[in-house]
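Where a number appears in this text, it was derived from the coordinates with a stated rule and is not lab data. Values in this document were obtained by computation on a predicted structure and should not be read as measured data. Using ideal geometry, Cβ is built from the backbone for each residue, glycine included, and neighbour counts are taken over all protein chains shown.
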Amino acid sequence: MTHDHDLVLRPTEAQTAAALNPPAGRNGGDLVVETLAGLGTTTVFGLPGQHALGMFDALRRSDLRYVGLRVENNAGFAADAYGRITGEAAPLLLSTGPGALTSLAALQEAAAASAPVLAISSQIPTAGLGGGRHGYLHELPDQSASFRGVVKSVHTVRTQSQIPSAIEAAWKSALTAPHGPVWVEIPQDVLLAETSIPVVTGGDAFPEELPPRVELTAVAADLLSKAARPAIIAGGGVVRSDASGKLRQLAEVLQAPVVTTPGGKGAFPWQHPLSLQSWIEDRYVTDFLEEADVLLVVGSGLGELSSNYHTFKPRGRVIQIEADLGKLESNHSALGIHADARLALQALLETVFARTDETAPERVREVLTRVADRISSQELTLEQDVLASVRRALPADSPSFWDMTILAYWAWSAFDAKGPNLLHSAQGAGGLGYGFPAALGAAVADGSRPVLAVSGDGGALYSIAELATARQYDLNVTWLIVDDGGYGILREYMTDAFGEATATELTRPDYVALAESFGVPGVLTSAETLEADLSKALSEPGPSVVVLPAVLRMFAPTHLG
């Protein structure tokens with residue numbers, strides 16, 4: 001009797017001949033790029049270094065597109081965005097020691113946002129592995145230990161025959177829910193040595209699915225169907241799993257109001273009658289969610305930003321659907337369902353009963369009116385006008401990437417993303433410098449539409465070198481820099497806490513002249529001309545910079561009591 005798992009695909013005569021006579025001049029680096037190509041990769045990001053030259057030399061013998069950035073951390077941000085836009089694991093090629101370590105902040109952001117990044121680094125020669133102090137260039141006692149607490153999985157290669165399997169395993173790990181960054185490292189001598197291993201011609205690394213447990217979704221469906229005041233919090237897991245359509249269906253069947261977290265921007269239509277939009281930091285919304293008798297949390301761990309800084313205290317029953325096992329019930333007791341958001345929402349759609357609640361849209365309108373009144377009482381017309389100008393200038397189907405800056409904090413709550421997977425920020429790990437290099441990665445992924453990056457002047461200085469990358473590859477990214485002369489949000493925090501700010505003021509360049517020195521068009525704008533200037537820049541192909549001198553303020557927090 002033969003079972004499917006007993007079947008082995010036999011090579012053709014041509015395949016056998018090719019395997020027995022691999023082309024000359026190949027090395028371990030060729031095995032890396034051949035494996036990537038076999039897995040379906042078309043594009044890689046990175047920065048060369050001495051130990052990694054075997055990989056980079058192999059690129060010229062492949063059909064892979066290489067996009068090189070000027071700083072490893074920025075290359076990581078670009079790979080992160082490419083993974084978010086395409087849903088593929090974006091390869092990030094790095095060198096040993098300082099090159100590898102410089103990518104850590106970007107990999108932390110990818111981990112926090114569940115972005116699939118396949119980082120492949122060189123290592124010191126095999127003889128130096130094991131923690132001895134041999135004095136190799138870039139040597140660390142245990143390079144992988146620096147990454148183990150950041151990435152999903154670590155894969156250390158010691159021989160050429162391990163390369164295809166290690167990369168396939170890492171690829172599968174990166175794309176298994178929850179998505180995330182993974183780490184592969186290969187010694188310099190393994191990459192450089194000539195190889196007689198046959199050309200890698202394919203890959204089989206389909207990620208494992210993460211379906212919900214049937215008994216748990218049955219209980220969840222019963223609770224939701226019988227609820228008097230159900231509500232839904234939608235996080236980044238809804239966007240990552242492409243589950244926005246199913247979320248809308250479920251909300252409408254249950255007549256349950258929906259609020260999205262910063263990571264879940266666009267997961268639910270902004271103007272839908274059941275949409276509480278993204279005002280999750282507002283006390284009126286927090287109170288509304290606390291009053292729900294059944295609260296469904298999908299794809300969110302209810303961390304600091306998604307719980308109004310941990311002031312959210314639900315009084316009803318909580319159902320939490322989360323692919324990251326470590327986040328399940330980590331902040332609130334719940335009916336925890338460890339599952340991919342898309343599969344879990346589908347299971348609920350198949351088992352819930354429709355509810356009728358004509359009061360839900362009115363209750364949503366009341367909350368949004370109270371939020372609007374609170375904001376309007378704070379005399380923040382400039383901030384609201386600037387954000388509205390950006391929204392009008394940006395095409396509805398264009399993605400935007402936001403650095404950690406005051407305008408981005410406004411966007412988390414007040415910006416209509418126009419759809420899922422269109423607004424991204426560094427709110428996962430909270431590092432500076434994300435916006436522009438991430439936008440470059442998105443433009444590499446899809447050059448058919450303009451991409452917007454938004455930074456403050458402090459965050460912009462992390463990424464200035466990538467103006468050269470934008471020009472070199474002629475990437476269709478418009479970079480809006482809001483120049484307030486320092487770290488604006490830290491200036492506010494310190495002034496509020498201590499009465500005055502320290503270490504927040506910055507000497508900065510003429511950003512327009514600096515952009516033009518890279519051959520990138522730049523324009524100095526104002527709040528009154530921003531919409532027109534930004535629209536013009538976005539409508540013209542290639543990179544551009546728009547600089548807005550403005551001191552913006554945050555709306556008053558509601559979590560301080």
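General remarks:
- Paramagnetic label zone (point 7 Å from Cα along Cα-to-C-beta, H310; backbone N under 20 Å) in segment 326-367: 326-334
- Per-residue 3J(HN,Hα) values for segment 139-153, derived from phi via the Karplus relation 6.51 cos²θ - 1.76 cosθ + 1.60 with θ = phi - 60°, read 5, 10, x, 8, 4, 5, 5, 5, 10, 4, x, 10, 8, 6, 8 Hz in sequence order (x marks Gly and Pro).
- Packing order of peptides 228-239, 110-121, 316-327, highest average first: 110-121, 228-239, 316-327 (average count of other Cβ atoms within 10 Å over each peptide's residues).
- Put simply, the amide H of R229, placed in the peptide plane, has neighbours under 5 Å in D293, V294, leaving out anything fewer than 5 places away on its chain.
- Here the chain is assigned +1 on the Cβ of each Lys and Arg and -1 on the Cβ of each Asp and Glu. Its dipole about the Cα centre then comes out at about 480 debye.
- In Hz, Karplus ³J(HN,Hα) per residue of segment 291-297 (6.51, -1.76, 1.60; θ = phi - 60°; x = Gly, Pro): 7, 5, 7, 9, 10, 9, 10
- Cut-off 13 Å between beta-carbons: net charge of the residues surrounding W270, Lys and Arg +1, Asp and Glu -1: +3
- Segment 529-561-segment 130-145 distance, computed between alpha-carbon centres (Å): 45
- Calculated translational diffusion coefficient of the chain (25 °C, 0.890 mPa s; Stokes-Einstein with Kirkwood radius over alpha-carbon pairs) equals 98 µm²/s.
- Here the relative contact order of the chain, from alpha carbon pairs under 8 Å that lie six or more residues apart, stands at 13 percent.
- By average C-beta atoms within 10 angstrom, highest first, the peptides 457-468, 252-263: 252-263, 457-468
- Set of lysines near K246 by C-alpha distance (under 19 Å), chain-local residues within fewer than 8 positions excluded: K265, K418
- In segment 447-551, a dipole from Cβ-located charges (positive for Lys and Arg, negative for Asp and Glu) runs towards its positive end, and of S535, V451, L524 it is V451 whose Cα lies farthest in that direction.
- Between R213 and F353, the C-beta separation translates, for a Förster distance of 25 Å, into a calculated FRET efficiency of about 0.75.
- Sites A228 and A388, calculated FRET efficiency, Cβ-Cβ separation with R0 30 Å, nearest 0.05: 0.20
- Ranking T86, A439, S389 by how far each Cα lies toward the positive end of the dipole of the chain (charges on Cβ) leaves T86 at the top.
- The modelled label-to-label distance between S526 and S165, using points 7 Å beyond Cα along the C-beta direction, is 6.8 nm.
- Across segment 31-44, rounded Karplus estimates of 3J(HN,Hα) from the backbone phi angles (6.51 cos²θ - 1.76 cosθ + 1.60, θ = phi - 60°) give 5, 5, 6, 5, 5, 4, 4, x, 7, x, 5, 10, 9, 10 Hz, Gly and Pro being marked x.
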